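To keep things clear, I will list the structure first and then write my remarks on it.
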Amino acid sequence: MGIAFFDLDKTILSVNSGSLWVRREVALGHLSKRTALKAMAWLARYHFGFASAEAMVAEAVSHLVGTPAAAIKDRTERFFVEEVRQTYRPGALEAIAQHRKEGTRLVMLTSSSNYLAELVAQELRFDAVLCNQLEVDARGLHTGQVVGGVCFGPGKLPFAQAEADRARASMRESVFYTDSYSDLTVLEAVGGPVAVNPDPRLRRLALKRGWRTVDWGVPQAKAA
């Protein structure tokens with residue numbers, strides 16, 4: 001028995017929730033434009049190979065040092081309801097429903113924070129969620145660290161393998177749906193790699209290797 005692993009941003013969702021969150025935080029005055037630009041610069045450096053995933057995530061979560069977890073959780077819940085929930089790709093919902101019907105274990109594998117990932121996973125009835133778990137101290141404040149390592153890019157593979165081991169499932173019998181070339185290590189580890197509305201590098205690689213490529217569309221409101 002294998003597992004159906006799903007990426008979140010631009011795979012289940014038609015958008016990148018991280019970019020939406022940064023814009024929203026700037027608009028609400030919780031994040032300065034300077035900090036937002038710095039975060040986008042780090043993201044660009046990672047995509048061009050000038051920064052590691054660990055360094056990028058460390059930079060992002062460092063801005064949370066000393067902030068109350070309850071406040072971030074509350075803002076994330078409102079963000080989910082107002083901006084994220086309506087961005088599910090129709091094809092993603094169909095694939096999730098089909099795997100559930102077949103009895104496949106559904107696991108979200110995302111670089112998103114536990115606050116957002118758990119909300120989506122709960123609504124879509126996933127069996128487990130693997131993500132960046134933000135560390136909170138005894139006072140309920142963020143420490144600026146993540147628990148259990150960085151779940152991003154190559155760092156997703158240890159999370160996926162550990163989940164497969166816990167579920168006594170085979171990675172070679174598992175499938176992984178993602179839009180991003182940065183998820184290459186997991187795509188190569190599973191028996192069923194699927195490129196979903198892939199970025200240009202992943203599209204080229206999927207074509208070269210004969211991996212399945214699918215278009216899961218966009219929500220009707222966005223399509224209109």
Residues of segment 1-35 being part of a loop (DSSP other than H, G, I, E, B) and farther than 26 Å from SER170 by Cα, which ones? SER14, VAL15, ASN16, LEU28, GLY29, HIS30, LEU31, SER32
Looking at segment 140-159, is at least one residue crowded, with 17+ Cβ neighbours inside 10 Å, in contact with a Lys or Arg (Cβ under 8 Å, 6 or more places away or on another chain) and either under 23 Å from LEU93 (Cβ atoms) or touching a residue at least 60 places away in the same chain (Cβ under 8 Å) (or both)? no
Take segment 181-200 and flag every residue that is modelled with pLDDT of 95 or more, more than 25 Å from MET1 (Cβ to Cβ) and surrounded by fewer than 22 Cβ atoms within 10 Å (Cβ to Cβ). ASN197
Which members of segment 201-224 meet the condition of being under 12 Å from ASP7 (Cβ atoms) and either touching a Pro at 6+ places or on another chain (Cβ under 9 Å) or polar (S, T, N, Q) (or both)? TRP216
Taking LYS38 and the conditions (1) more than 18 Å from VAL150 (Cα to Cα); (2) part of a helix (DSSP H, G or I); (3) of a type outside the set (S, T, N, Q); (4) modelled with pLDDT of 75 or more, which numbered condition does it fall short on, given that it satisfies the others? (4)
When the residues of segment 119-139 are filtered to those that are among the small types (Gly, Ala, Ser) and within 19 Å of ARG166 (Cβ to Cβ), which remaining residue is surrounded by the fewest Cβ atoms within 10 Å (Cβ to Cβ)? ALA128
Condition check for ARG168: surrounded by fewer than 17 Cβ atoms within 10 Å (Cβ to Cβ) and within 22 Å of SER111 (Cα to Cα): no
Count, please, the residues in segment 60-118 that happen to be farther than 20 Å from TYR177 by Cβ, crowded, with 19+ Cβ neighbours inside 10 Å, free of Cβ contacts under 8 Å to residues at least 24 places away in the same chain and not aliphatic (A, V, I, L, M). 1
What number goes with the only condition from (1) at pLDDT below 95; (2) touching a strand residue (DSSP E or B) at 6+ places or on another chain (Cβ under 7 Å) that GLY155 does not pass? (2)
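What number of residues within segment 76-106 are over 18 Å from the mean Cα position of the chain (by Cα), closer than 30 Å to MET171 by Cβ and not β-branched (Val, Ile, Thr)?
Applying the first criterion (over 18 Å from the mean Cα position of the chain (by Cα)) to segment 76-106 yields 78, 82, 94, 97-104.
Now restrict to residues that are closer than 30 Å to MET171 by Cβ: 94, 97-104.
Filter again for not β-branched (Val, Ile, Thr), leaving 94, 97-103.
Number of matching residues: 8.
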Tell me, which strands (runs of 3 or more DSSP E) wholly within segment 69-163 include 3 or more residues that are closer than 23 Å to ALA58 by Cβ and in contact with a Phe, Trp or Tyr (Cβ under 9 Å, 6 or more places away or on another chain)? 105-113, 128-136
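The values are calculated or read from the model by the stated rules, or taken from the named source; none is laboratory data. Nothing here was measured: the structure is a model prediction, and the numbers come from that model. All Cβ positions, even for glycine, are placed from backbone atoms using ideal geometry, and neighbour counts span all protein chains on display.
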